[in-house]
1. Can you show me the helix-derived [θ] at 222 nm for the chain, built from DSSP H runs with n ≥ 4 at -39,500 (n - 2.57) apiece and divided by the number of residues, rounded to the nearest 500.
2. If only Cα atoms are counted, what is the Rg of the stretch 2-205, and what is its Dmax, in Å?
3. If you take every DSSP beta bridge fully contained in the stretch 16-121, what fraction is antiparallel? Give it as a percent rounded to 5.
4. Pulled fully out, how much extra length does the chain show between residue 7 and residue 116, if you take 0.36 nm times their separation in residues and subtract their Cα-Cα distance?
5. Give me 204, 183 sorted ascending by neighbouring Cβ count inside 10 Å, so fewest comes first.
6. Counting DSSP beta bridges in the chain, what percent are antiparallel, to the nearest 5?
7. Need the C-alpha centroid separation for the stretch 66-92 versus the stretch 120-153, integer Å.
8. If you rank 120, 88 by fewest surrounding Cβ atoms within 10 Å, what's the result?
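Every number in this text was worked out from the coordinates using simple rules, so none of it is lab data. Being a predicted model, the structure only gives us computed values, none of them experimental. Every residue, glycine among them, receives a Cβ derived from its backbone with ideal geometry; neighbour counts consider all protein chains shown.
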């Protein structure tokens with residue numbers, strides 16, 4: 001939890017309380033439905049919560065923004081972002097129902113009321129959003145093909161509407177088809193922990 005406060009010192013008391021409850025909730029849920037590997041649950045704040053919040057370093061969503069989290073699993077990056085941006089709405093989609101059940105249970109337990117959940121594949125979701133977010137759900141070209149239809153025309157944020165996703169490793173080949181509309185962010189620019197050394201944020205204007 002200190003990690004989150006280290007990089008986001010402006011959190012309200014309510015946000016601090018919501019973030020601080022995540023470990024116990026995920027630990028409890030994980031014993032029933034495995035959404036985070038058993039050995040990784042100890043690193044929840046570093047590997048999952050702070051990693052998700054790299055998106056908040058790339059773009060501070062304006063109040064009223066509508067964001068879809070594709071392949072959210074147990075609620076990443078959607079739940080940390082929903083805590084960070086209480087004036088925005090986060091719609092979390094996953095094709096695995098039991099993982100969504102965990103995300104919904106955690107959201108309810110911490111009183112998040114700016115979220116919605118849908119058990120479906122992204123192909124089935126027809127709503128429009130200002131931004132799509134995800135954590136390494138599939139190759140970039142496949143993801144863009146599926147979500148292009150979901151990006152709203154009307155602009156309200158500092159970056160034009162599009163996709164912000166979190167990925168690792170060498171992405172040059174993957175971003176090549178979209179290089180004119182893509183910006184890569186090295187996460188060590190935001191966070192000093194070794195975990196982030198090979199991690200990147202990818203913004204694609206759509």
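1. After summing the helix terms and dividing by residue count, I get -9000 deg cm²/dmol.
2. Looking at the stretch 2-205, its Cα Rg and Dmax stand at 15.8, 45 Å.
3. 0
4. Working: separation 109, 0.36 × 109 = 39.24 nm, distance 2.69 nm.
In short, 36.6 nm is gained.
5. Final ranking by Cβ density, sparse to dense: 183, 204.
6. 40
7. One Cα centre to the other: 14 Å.
8. 120, 88
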